[in-house]
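These notes concern the structure reproduced below.
Derivation of every value follows stated rules applied to the coordinates shown; laboratory data play no part. Computed from a predicted model, the values in this text were never measured in an experiment. All Cβ positions, glycine included, derive from the backbone under ideal geometry; neighbour counts span all protein chains shown.
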Amino acid sequence: MNLTLPKLPPNIATPAYVLDEAALKRNLATAARIKKETGCKILLATKAFALPAAFPLMRETLDGTTASGEYEARVGAEEFGKEVHVYSPAYLPGEVERVIALAQHVYFNSPDQIRRYLPLLKKSKKTKIGLRINPGFSNATLGGELYDPCAPYSRFGATRDTLEGAPWDEIDILHAHALCEARHDGSVGLIEHVAKNFAPYIRKVTTVNFGGGHFINKPDYDVAKLIAAIKAFRAEFNVEVVLEPGAGLVVNTGYLVSSVLDIHKNDKDIAIIDASASTHMPDVLEVPYRPDIIGAEQPGVLAHTYILGGKTCMTGDIIGEYSFNQPLNPGDKLIFTDMMQYSFVKNNTFNGVPLPDLAVLKSDGAYSVIRSYGYEEFRRRLG
């Protein structure tokens, strides 16, 4: 891949997730443009990216955070500030009480859920109530039904046939999350679909939240078309519009830097590295997909081809097959790109494999390690 090599310290400790601050600033400029031209709000989905060291910069542009439960809501409230929105398909006993102390906007999965919690919610004068709907619009471009909130038998959101009897006098927000890594056609399609099929209910609320999955910083995403769709929707219904991207805000803003540990031969050349698909890049196996490496190509394109695998005991801990201009040797650095979303928020300590450092490459070129993990983190999680 023809990707630019970041200016990292030659002696960088690996593995390490590295946020590129300059790249994040470029992505936030896209969000700022959308907000300015449409008047909508944009939240950070902390399920995809939650790095408090980046929050001061993100806070300058974004309106707050959206969470999938109590702990993410607490991070949003304590570390990011501004607005906190929370949705969960179901809440643990006592969780709603704790959530309304942290968040100003709480979303529920069905009209019945709202009725169940309404006496509690009415005690909080600051809480705005949201209802997630299943809009019946599928445009997940990654992972098929695994990442499609509107797949058959989805547990997410109230279907249209259950909406008539909802307590609309108590509901402030209609929430329609249906996308995953969608281009502009998905974003615009969702907005137009909701406008066409849910107009009577839109007119009962003050806000419509179109969820996440808007990949606004992908090169082929036509931001102007999203802007036009939001403006038309707001003009028709006179409501506030909210977007809550996660990956769309941090796509291509960071790396996972790893080192080659050993070269093994078994019919093919195999490079064993200190990064792992199983523990550090779970989506590589879950989606699955093949991450890009700076300076590497598809197998056979360049002179030397290797299968890359982690050091865990999992046979399937394979990242992919790549070719390089030069032979790989122990100690060589490999830089995986686009590693800020759904990476460190999903990693694990399986096999006692050390967690990567969390680091930031500042706009001025300074490199700062935010957190390093050792045996203590592995032991702590064992109880």
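Points to keep in mind about this one:
- Contact order normalised by residue count of the chain, Cα under 8 Å, 6+ apart, percent: 19
- Degrees, to the nearest 10: 223-237 long Cα axis against longest axis of the chain: 10
- Taking the average, over residues, of other Cβ atoms within 10 Å as the packing measure, peptides 247-255, 8-16, 41-49 rank 247-255, 41-49, 8-16 from highest down.
- Backbone N under 15 Å from the ASP169 label point (7 Å along Cα→Cβ), restricted to the range 85-119: 115, 118-119
- Bridge type composition, the chain - antiparallel percent by DSSP, nearest 5: 40
- Placing +1 on the Cβ of every Lys and Arg and -1 on the Cβ of every Asp and Glu, with no other charges, gives the chain a dipole of roughly 1140 debye about its Cα centre.
- Rounded to the nearest 500, the helix-only mean residue ellipticity at 222 nm of the chain stands at -7000 deg cm²/dmol, with each DSSP H run of n ≥ 4 adding -39,500 (n - 2.57).
- Cα pair distances of the range 204-255 binned at 5 Å [whole percent]: 4, 19, 22, 24, 14, 9, 4, 2, 1
- Histogrammed with a bin width of 5 Å, the alpha carbon distances of the range 253-380 distribute as 2, 10, 20, 24, 20, 14, 7, 2, 0, 0 percent, first bin at zero.
- For the chain, built as a Gaussian network whose Cα springs stay under 10 Å, the top-fluctuating residue of ILE202, ILE173, ILE370: ILE370
- log10 of Debye I(q)/I(0), alpha-carbon scatterers only, for the range 39-250 at 0.10, 0.14 Å⁻¹: -0.39, -0.80
- Distance-filtered residues of the range 303-318 - backbone nitrogen under 20 Å, label point 7 angstrom along LYS265 Cα→Cβ: 303-309
- For the range 300-325 versus the range 245-262, the gap between their alpha-carbon centres in whole angstrom: 17
- The long axis of helix 111-122 is offset from the longest Cα principal axis of the chain by roughly 80 degrees.
- One decimal place: the segment TYR367-GLU286 gains 26.1 nm when fully extended, by the rule 0.36 nm per residue minus the C-alpha distance.
- Between the Cα long axis of helix 21-38 and the first principal axis of the chain there is an angle of about 20°, rounded to the nearest 10.
- For the peptides 269-282, 347-360, residues were scored by their other Cβ atoms within 10 Å and the scores averaged per peptide; the highest-first order is 269-282, 347-360.
- Stretching THR4 away from SER68 to a fully extended chain increases their span by 19.6 nm, per 0.36 nm per residue minus the current alpha-carbon distance.
- Chain lengthening between ASN11 and ALA195 when straightened (0.36 nm per residue, less Cα-Cα): 60.8 nm
- Alpha-carbon radius of gyration plus Dmax, which is the widest Cα pair, for the range 1-112 in Å: 17.1, 57
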